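Structure first, then comments.
The values are calculated or read from the model by the stated rules, or taken from the named source; none is laboratory data. Keep in mind the model is a prediction, meaning the values are calculated, not measured. Heads up, the Cβs are rebuilt from the backbone with ideal geometry, glycines too, and the neighbour counts pull from every protein chain shown.
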């Protein structure tokens, strides 16, 4: 998940969980079809097919179509093939504190009365 796409994903749907350090995403929606919908739209955002707002609008349309018993291609299954072999490396971020910083803080706490 490119860092620059996090805001668009958050704008789209709070049920899509992005884990930067592990390089994984998941969806926690009310049913499996809605999870497929959310993940497919997340993929569209990451690949530049849709903006966060476009994905949000499409989500509403597809859910209503599902209730109307109309075709819902984004809810039928994943429209992309997850392939960890071709995925970019996870982003482990940059450490804010070194091991030395943590050890010094623990030593300071221990030295206090």
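Below are the figures for this structure:
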read-out	value
For residue 4: the one exception among (1) in a helix (DSSP H, G or I); (2) on the phi > 0 side of the Ramachandran plot	(2)
Lone qualifier among 91, 101 - being at pLDDT below 90, over 13 Å from the mean Cα position of the chain (by Cα), surrounded by fewer than 18 Cβ atoms within 10 Å (Cβ to Cβ) and not in a loop (DSSP other than H, G, I, E, B)	101
Subset of segment 16-55 [loosely packed, with under 15 Cβ neighbours inside 10 Å and either within 16 Å of residue 73 (Cα to Cα) or touching a strand residue (DSSP E or B) at 6+ places or on another chain (Cβ under 6 Å) (or both)]	17, 26, 31, 32, 49
Exclusive hit being out of contact with any strand residue (DSSP E or B) (no Cβ under 9 Å at 6 or more places or on another chain) and part of a helix (DSSP H, G or I), set 83, 107	107
